[in-house]
Each structure stands twice: as C-alpha cells, then as structure tokens.
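Chemist: Pasting in a structure now, in structure tokens, and then I'll have a few things to ask.
Each reported figure results from applying straightforward, stated rules to the coordinates on display, with no laboratory input. Please read these numbers as outputs of a predicted model, since none were measured by experiment. Cβ sites come from the backbone with ideal geometry, for glycine too, and all protein chains shown count toward neighbours.
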Amino acid sequence: MRIDVKNLDFSYGERNILEGISFTVDGPGLVAILGPNGVGKSTLIQCINRILQPTAGSVEVNGKPVGEYNLKDLAKVLGYVPCMTPDSFPMSVADAVLLGRHPHSNWKSTRDDVRIVYEVLREVGIEDLAMHQFNNLSAGQHQKVMLARGLAQQTEILLLDEPTANLDVKHQLEVTHMLKRLSDERGILVIMICHDLNLAAKYADTVIMLKDGGIFAMGTVDETMTRDNICNVYGVDCEIVEDQGRPHIILREMEGCPEEAPEAPMEPAPADVAERYASSLPGLWHGRTPI
C-alpha cells in the first residue's frame, strides 16, 4: 500500500490552500497529519480521496493515478471517515455501518457483510448500540459509528479526518490506540488528521506537519515533534519530555517563541457609526422606534 503525492496545489478561487505538496507514505503504519486550523489538512485528505480535484499536481494510490480508479474500485482500496456527519441516516446503527460494505456488495448484503458489521461494532465498542437509531445518538457516538463504517470497508488504506473529535479523553485514547493496533495487526496504512499533539506523539509512526499550505516537517515523532517545530508551526512554546520512550509535549504559551509581526491597528470607527447603523434599519428612525 502506497500513496504518492507530487507537487500538489489546491485553491478555492484565488485563495491558495495547498502549494507544492509532495510526499510518499509506503507500507503499514499510523501517519498523523498535524497543523493549525485552516492550514489545509482536510483539503489534503480530500484531494487524496478524489473528493476534491487538485489545481495542479497528482496523487497516486498503489502506483496508479487516483483519477483512473472508478469510485467503487477506489472505495475498495481507500476508506474515508469524515470529521462531522449530519443527522442524515434515518436507520439503525447496524444499517449505517453496513453502508461501508457497499463497495464489496452486488445487489444485496450477505451473511458475511453482517458478520463484518458486528465485528467492527464490537471492535469500536458500540455493539450495544447496533439497533439504536443513528439520529438519536450523541456527537461522540456518531463519530464512533462513522469510524466503524470506515473499518467495515476493510480497505488497505484508511483516511480519517479528526477521528477523535467529540470524544472524551478516555475514548480519544481508546480510538487512537485501536487505530495504531489495526495498522499493526491488519497491516494497513492509517492516515489521520489530529489536533492533539500528545496523541500523535504517543501513537504515530510518521508525522506530517503542515504550515502555510506546505509541508514544514515530515518524519518520525522524534524528528518532527521538537520545540523549534512546534514553535514555528503553532506559535507556542513548549517543553519536550520523554514518556515511555516517546516525546510528551508540555505547552508553555508564547514564552520562548519568536514574536510574530504585530497586526496593523484598526482605524477607529466614526463617532456616529451607531447612529448611522440604527438609521439604516427598517422601522427605526435615528434610534427611535415608531409607534
């Protein structure tokens, strides 16, 4: 299993989101994509999964351009778990997870499909919710159902956009530990977007750090999760200590980071701005409501 991203650019109109992204991830393992909000992490995942079309560059999956796969064949190789899913499934949890078997099914589900559904429900720890209505679940339970649906696809590559969003601390650890275990035991490539530096440091085999639409650092956790890198990417100081052979990050706010250029001060609003705003509203004359 291999993903090659070559000179990838993506823009929304004239706004560049990703520029010159190139990397290769090969073989089983857990890859964490890190970076501040708005840096293009979700956009990158969606370009890999052909949800978005890059402005320039290419993505190859197992040596084949992603655009040459039909959608069903791509879904047999690449699983995708989005960050947020609206309440759009008026069905049971088991049926929602069964949708993950669609790439492998013909016109109906098989006993093997149902077996796989209940195996992943048990693996994610929500087997007791199988007959509950998806729309009645909490946000955290929704997230686990979507994770189970992605696992039910049984792909060799799994892309996850913030799989620990909406989960409490215990379940964040459980889910990330499970993803690491699956990458080891099933021999699959798991690529996840993560906002928790310590979850990434504890479990990831490879880290990709994004900044300003490009790759700032890529490598092992020891190579990437450094004080200088965290300062540069996130603008916060930290202390790195070792915990069970892995780096652990203790944030120190802005103390030791180089100061960013201050923003230009805003011009003061005209003294009569409130009066002018009030007079522009229907039914208001100079701040007085007509009777």
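Chemist: In Å and on Cα atoms, what radius of gyration and Dmax does segment 2-225 show?
Modeler: My reading of the Cα-based Rg and Dmax gives 17.1, 50 Å.
Chemist: Also, quick follow-up: Under the Cβ-under-4.7 Å rule, which cysteines of the chain stay unpaired?
Modeler: 47, 83, 194, 238
Chemist: Using 0.36 nm times the number of residues separating residue 250 and residue 136, minus their current alpha carbon distance, what extension gain do you get? Before the final figure, lay out each step's value.
Modeler: Working: separation 114, 0.36 × 114 = 41.04 nm, distance 3.77 nm.
In short, 37.3 nm is gained.
Chemist: Along the positive direction of the dipole of the chain (beta-carbon charges: Lys, Arg +1; Asp, Glu -1; about the Cα centre), which of 3, 37, 21 reaches farthest?
Modeler: Farthest towards the positive pole: 3.
Chemist: Another question, then. Report the net charge of residues surrounding residue 17, where surrounding means a beta-carbon distance below 14 angstrom and charges are Lys +1, Arg +1, Asp -1, Glu -1.
Modeler: Details: positive: 15, 41, 211; negative: 9, 14, 19, 212.
Once positives and negatives cancel, what remains is -1.
Chemist: Choose one answer from 219, 63, 79: the residue with the largest mean-square fluctuation in a GNM of the chain with alpha-carbon springs under 10 Å.
Modeler: It is 63.
Chemist: Oh, and also: In what sequence, highest mean first, do 104-115, 49-60 appear when ranked by Cβ atoms within 10 angstrom?
Modeler: On the way: 104-115: 11.1, 49-60: 16.5.
Descending packing order for the listed peptides: 49-60, 104-115.
Chemist: Here's a follow-up. Please determine, in degrees from 0 to 90 and to the nearest 10, the orientation of helix 139-152 with respect to the longest principal axis defined by the Cα atoms of the chain, where the helix direction is its Cα long axis.
Modeler: Approximately 40 degrees, to the nearest ten.
Chemist: What is the spin-label model distance, in nm, from residue 55 to residue 108 if the labels are put 7 Å beyond Cα along the C-beta direction?
Modeler: Once both label points are built, they end up 5.0 nm from each other.
Chemist: Now for a different question. Over 22 Å between C-alpha atoms is what I'm after, so list which of 6/72; 41/170; 41/180; 144/170; 76/108 land there. Write out the running numbers ahead of the final one.
Modeler: Working: 6/72 24 Å; 41/170 25 Å; 41/180 20 Å; 144/170 13 Å; 76/108 17 Å.
From the list (6/72; 41/170; 41/180; 144/170; 76/108), the Cα-Cα distance tops 22 Å for 6/72; 41/170.
Chemist: At 10 °C and 1.306 mPa s, what whole-number value in µm²/s does Stokes-Einstein give for the translational diffusion of segment 1-40, with Rh from the Kirkwood sum over Cα pairs? Let's see the in-between values first.
Modeler: Numbers: Rh = 11.9 Å.
Value of D from the Cα-based Kirkwood radius: 134 µm²/s.
Chemist: Ok, one more. Would you compute, from DSSP H runs of 4+ residues alone, the mean residue ellipticity of the chain at 222 nm, taking -39500 (n - 2.57) per run and dividing by the full residue count, rounded to the nearest 500? Write out the running numbers ahead of the final one.
Modeler: On the way: 10 runs with 93 residues, N = 291.
Helices in the chain give a 222 nm mean residue ellipticity of -9000 deg cm²/dmol.
Chemist: Given a 10 angstrom Cα cut-off, can you work out which residue in 72, 202, 41 is the most mobile in a GNM of the chain?
Modeler: Taking springs between Cα atoms under 10 Å, the residue moving most is 72.
Chemist: Something else about it: Anyone know which of 215, 240, 230 comes out most mobile in the 10 Å Cα GNM of the chain?
Modeler: Its mean-square fluctuation being the largest, the pick is 240.
Chemist: Assign unit charges at the C-beta atoms only (+1 for Lys and Arg, -1 for Asp and Glu), then state the dipole size of segment 69-216 relative to its Cα centre in Debye, rounded to the nearest 20.
Modeler: Numbers: 15 positive and 19 negative charges, 54 e Å.
With Lys and Arg at +1 and Asp and Glu at -1, about 260 debye.
Chemist: DSSP beta bridges in segment 2-225, what fraction antiparallel, as a percent rounded to 5? Before the final figure, lay out the partial values.
Modeler: Values: 21 of 39 bridges.
Within segment 2-225, antiparallel bridges account for around 55 percent of the total.
Chemist: Could the peptides 220-228, 94-102 be put in order, highest first, of the mean number of other beta-carbon atoms found within 10 Å of their residues? Present the calculation step by step, with values, prior to reporting the outcome.
Modeler: Working: 220-228: 16.6, 94-102: 20.2.
In decreasing order of mean packing, 220-228, 94-102 become 94-102, 220-228.
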